[in-house]
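Here the structure comes first, spelled out in structure tokens, and everything after it is commentary.
The values are calculated or read from the model by the stated rules, or taken from the named source; none is laboratory data. Just so it is clear, the model here is predicted, and its values are computed rather than measured. Cβ: placed from backbone, ideal geometry, glycine included. Neighbour counts: every protein chain shown. The protein model used for the area step is the full one, side chains on, heavy atoms only, and it has no ligands, DNA or RNA in it. Shrake-Rupley method; radii C 1.70, N 1.55, O 1.52, S 1.80 Å.
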Amino acid sequence: MSDLWRTTLIGFSTGIIGTGLGGSMAFLLNNPTKRFLSAIMGLSSGLMVAIVTFELLPEAFMIAGVPWTVVGLIGGVLIATILDGFIARLSSRKHGGKHGYVKTAALLGIGIALHNFPEGMAIGSGFVAQNRLGIGLAIVIALHNMPEGVAMVTPLRVGGYSRSKAFFLTLLAGTPMGIGAYFGALLGRVADGFIGICLAFAGGTMLYITFGELIPRGKELDQGRISTICATFGFVLGMLISKRF
């Protein structure tokens, strides 16, 4: 097997395993209470904000610089806004009263897929530079993708999707990482600036989804403070994970 295809396979495996481990939460969500779901969505919100704050944006700053990072961030928010309206109309026709949660999950899936592509490119570029660097990046990215799988699968289950279908969709969201790894290995260091802009773009979509969808849905499920407390805990946990890895 050539180095290019080996790197691509590692990228696919990293994306699928990372989001899949988080998506396996689907099999534990058997008639959960609204309070529990609110807590999970709050925790996911905090983790997502931490990932964007301490991982995606700093990496984008370092690779592409501040101006291009801002451009990518704004672009991500604008695209997420357009997708929000489109998916809202589509899901309301297909899923009736539960369409809000399905829309949240769909937006999350798109956001996760968008940022898995440049992360895959980072893995591919890492292997071009040094095998040890590529392997290290793959392990770290897989760990960081776990909370994203949880964040995606929870609204899918609330929206009425079966456990197996919800789990499969989280696996699907991880596959663009393999495509990114292929192009990262193919283009090598030439693609660095593009990777930075893509990371910022993905950060913008994730922030829009978190503040516009996950946090409000968590409060909608339970009017108490549980989602807020868990969101704060999730942010601290995400910060510690980022600093550790």
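Before moving on, here are some points about what is shown:
- A Gaussian network model of the chain, with springs between Cα atoms under 10 Å, assigns the largest mean-square fluctuation among Thr33, Thr81, Thr232 to Thr33.
- Rounded to the nearest 10 degrees, the inclination of helix 66-95 to the longest alpha-carbon principal axis of the chain is 40 degrees.
- Nearest-0.05 FRET efficiency for Phe61 and Leu237, computed from C-beta distance (R0 22 Å): 0.45
- Calculated [222 nm] ellipticity per residue, helices only, for the chain: -28500 deg cm²/dmol; basis is -39500 (n - 2.57) per DSSP H run with n ≥ 4, divided by all residues, nearest 500.
- Nitroxide proxy distance, nm - points 7 Å out along Cα→Cβ at Ile74 and Lys34: 4.0
- Ranked from largest to smallest solvent-accessible area, with a 1.4 Å probe on the protein heavy atoms, Tyr161, Tyr182 come out as Tyr182, Tyr161.
- Amide H contacts for Tyr161 (H built 1.01 Å from N in the peptide plane; partners 5 or more residues away or on another chain; cut-off under 5 Å): none found.
- Stretch gain in nm, segment Leu171-Leu187, where the contour uses 0.36 nm per residue and the Cα spacing is subtracted: 3.2 nm
- Note on exposure: Leu186, Leu114, Leu47 ranked by accessible area (1.4 Å probe, complete protein assembly) read Leu186, Leu114, Leu47, with the most exposed listed first.
- Across Thr14, Thr228, the residue with the most accessible area heads the list, and the full order at a 1.4 Å probe is Thr228, Thr14.
- Fraction of alpha-carbon pairs over 24 Å apart in the chain - percent: 42
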